[in-house]
Each structure stands twice: as C-alpha cells, then as structure tokens.
Amino acid sequence: MTTSRVKPEVLEAARTLLDQMGITAEDLLQTAGARPHVPTFGEYVAVVLAAIGAGAARTYGNYLRKVVDRWGDRRLDEVTPTEVETLMRQVQAEAVQRRNFRGGAGSGEHLITALRCVYRRAVADRLIADADDPAKKVAKPRRPASQRIAIPDERLAELVAAAATGCRDPELDALIVRFHIETAYRRGGLLRVRPKDLDVQQCLVMLREKGGTFRRQPVSPTLMSFLLHHVHQRGAPPDEQLLRYLTGGPVGRRRYDGLFMRIGRTLPWVTAQGVSAHWLRHTTLTWVERVYGYGVALAYAGHAESPNDTGTTARYVKATLQEVATALAGLTCELHPLALSEETEE
C-alpha cells in the first residue's frame, strides 16, 4: 500500500505564505482547538428574552427566571438531561393550584419549552452543538385530556345573566362574555383589541393572533354598538387597549379569573367544572361546526391556515369571511352587513 506525500516545494510555498501572513504553526494548532465561550444561564437568558416576542417572553419568562435562580452561574454546556428533568418535576410540584389546576403538567411543559428555546438559540449562535442540547433529551409531561365541553343553552343563559349582575361593573363583565361568545376568541385577543381595530361600517374587529398574524372577525351590530359605547364612555385612546375599567385603566388578564370566580359563587357548576372564557370558545365553535360545517368552524376559530389532524383536506375547505358572518348571523339572530343572503346561499 502506498501513501501520497506532499511535495517539498508545496510545503515550502505554504511556509512562505504563512510567514508573509505572520502566522506560526503554534497559532494554527491553538486555533484548531479553540472553542467559543459558552455563556452562563445568567448571561444568556437575558439575550434570549430580548430576542423572542413579547407574548413568548410573557409565557416563558417566569420559567426562565426559575432557571436563572437555579443555574444562573452555570454554563449552558454544564447542565445534564437528568438535572433538567429534576427541575421540571420540582416546577410541577410547586405549580400554583388555580381553578383549572391539572397536576402541574402545564408548568412542566412550559419549563421544557422555555429551555428548548434557550438551547435552540445557543445552537444557532454556535455556542454548543445540537447533540449537546439536554432539553431535547427530556420528554415533556403528557398533557391531560381537555375537560372543556360546549356549555348547554340553559347553562349558558345562566352564565350570561350571572356575569351581568352582582358586581360593581356589570357592563364590563357582560361585554367580555358576549365578545367571547360571538367571536369564539381567546382571552388575549380581546385584551389586544384597540378602538382603531373596529370597522364600524362592516361590523368587523381586527384580531391580532399568535405569531404576529392578523385577521378580521365579524361581530353583530349590537356588539359593535356596545364596543363603541365602551370606548366613548371610558376614554380608550384609538391606538391603545379598548377594554377599560370604570377608572379608565386598562383591564388585565386577572380580571378573567375574578369574573369566573364571582360567577362560580352564584353558579356552583361553574366552579365545580372549572369553567373559563375558553369554554365559551368551545361552545360557539361546536355550534358553528354542527350547523354550518367543519370548514366554517375552522375559519371561525382562526385555524383555517393551519390544518390539524384532519390532514390536508382542511386546506381545501377554507370558508370565506362572508360564510363566517353568515354563521354569526345565525348565532345572534341579527343581520350582518357581510352575511350571505338566502338567495345567495341557494
């Protein structure tokens, strides 16, 4: 077996070039073995929080603070998968037991997701190798099956009546409940609506969704008039949050917890089942799917662009805004400017 050898004249030319560049053989050896500085969690978590969106920072910031409290002075490449799983179990055990508590699985899942976000960026920044990511080697806790169901009509009527009575600001609570019944939107959606997002002529509300996307959702003329009255009465600036307290201050996320705790004192089944605003979303979307079909329900929910386990068929059953408005008209028994007429439907 023969091996090729580098010709002497080639080696000499290489040495000459290195000399001209001021590079020695020792420099080459040191550079080849050099590794980038791996930051500590205390250093790098701040970088990650500055890079991710405000919504993700709000969701995962608390868990990343726990990570910094625990491992703030340790480098990213020093933590093992076993340590990650141990911290996940501790976070689950320490989870706050609110009305919808489900064993802390959500807290454990958020912790792993937050850590994966940190390590994914560290890999992209070439601080560690992908194979050295310990968070990828720890499975997220299994999420319990959702207990949310569509609320029966008579129960829903009780809930609406309870929301509008027995508090210092029944108008605000009634508006919150009606908005979620009509739009089937999530809690954060209403809290992000601004007066400038209202299209009064077409009875549409611009909703800002996860990932920085936008869509227009039809609302009834009655709800639009309530929203406008709320804006004028409480002085919401055009480009700031619409939903306001009697004092004029913006409504926070905890208002929802207080709302359903109060309703639960009047309606024990609300407390027993852990009913929240998201149950209203299930209720409306279930009715829309039963009456107007899966494609319309998909659009009503804002899921039309991301088919789920139904497969690629969902890509071909997208409903129009007019069909969503028609479903809303059927739900509220009110005419809507964009709803399809009976002649069009035929």
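Which part of the stretch 233-254 falls in the paramagnetic zone of Leu321, meaning amide N under 15 Å from the point 7 Å along Cα-to-beta-carbon?
None, by backbone N distance to the label point.
With a 1.4 Å probe and every protein chain kept in, tell me what percent of the accessible surface of the stretch 105-228 is carbon plus sulfur. It would help to have the intermediate numbers written out before the result.
On the way: 3100 of 6030 Å².
Heavy-atom surface of the stretch 105-228 belonging to carbon and sulfur, 1.4 Å probe: 51 percent.
So what are the ³J(HN,Hα) numbers for the stretch 257-262, from phi and the Karplus equation (6.51, -1.76, 1.60; θ = phi - 60°), rounded to whole Hz, Gly and Pro as x?
4, x, 4, 6, 5, 5
How many nm is it between the label spots at Ala131 and Thr80, if each spot is 7 Å from the Cα in line with the beta carbon?
1.9
Compute the distance in nm between two label points, each set 7 Å from the Cα along the Cα-to-Cβ direction, one at Asp19 and one at Arg265.
Modelled inter-label distance: 9.1 nm.
What does the convex hull of the Cα atoms come to per residue for the stretch 144-293, in Å³?
Details: hull volume 19.6 nm³, N = 150.
In the stretch 144-293, the Cα convex hull volume per residue is 131 Å³.
Run a plain Debye calculation on the stretch 169-251 (Cα atoms as equal point scatterers, no solvent) and give log10 I(q)/I(0) at q = 0.19, 0.25 Å⁻¹, rounded to two decimals, same order as the q list.
Listed by q, the Debye log ratios stand at -0.78, -1.43.
Hey, if we sort Met224, Met206 by accessible area with the 1.4 Å probe, largest down, what's the order? Don't jump to the answer; show the numbers that get you there.
Numbers: Met224 5, Met206 45 Å².
So the residues, ranked largest to smallest area, are Met206, Met224.
Reachable lysines from Lys196, Cα under 21 Å, same-chain residues fewer than 8 places away excluded?
Within reach: Lys210.
Leaving ligands, DNA and RNA out of it, work out the accessible area of Ile149 with a 1.4 Å probe and give it in Å² to the nearest 10.
The value for Ile149 is about 90 Å².
Find the Rg to Rh ratio for the stretch 105-179, where Rh is the Kirkwood radius over alpha-carbon pairs and Rg uses the same atoms.
Numbers: Rg = 22.0 Å, Rh = 16.5 Å.
Over the Cα atoms of the stretch 105-179, Rg/Rh equals 1.33.
Suppose each label sits 7 Å from its Cα in the direction of the beta carbon; what would the Asp153-Ala57 distance come out to in nanometres?
Modelled inter-label distance: 4.8 nm.
How many Å² of accessible area per residue for the stretch 141-283, probe 1.4 Å? Could you put the intermediate results ahead of the total?
Working: 7060 Å² over 143 residues.
Ligands and nucleic acids excluded, the result is 49 Å² per residue.
Can you classify the stretch 149-207 as rounded, prolate or oblate using the Cα gyration tensor, where a ≥ b ≥ c are the square roots of its eigenvalues, rounded means a/c under 1.5, and otherwise it's prolate if a/b beats b/c and oblate if not? All intermediate terms of the calculation are to be shown ahead of the outcome.
Numbers: a/c = 2.22, a/b = 1.56, b/c = 1.42.
Here the stretch 149-207 falls in the prolate category.
Where does each of Tyr60, Tyr292, Tyr119 land when they are ordered by accessible area, with a 1.4 Å probe and the largest first?
Details: Tyr60 50, Tyr292 75, Tyr119 0 Å².
Result of the area sort, largest leading: Tyr292, Tyr60, Tyr119.
The values are calculated or read from the model by the stated rules, or taken from the named source; none is laboratory data. For clarity, every value in this text was computed on a predicted model and none was experimentally measured. No Cβ is skipped: glycine too gets one built from the backbone with ideal geometry, and neighbour counts run over all protein chains shown. Just the protein is used for accessible areas: all its heavy atoms, side chains included, with ligands, DNA and RNA removed. Shrake-Rupley method; radii C 1.70, N 1.55, O 1.52, S 1.80 Å.
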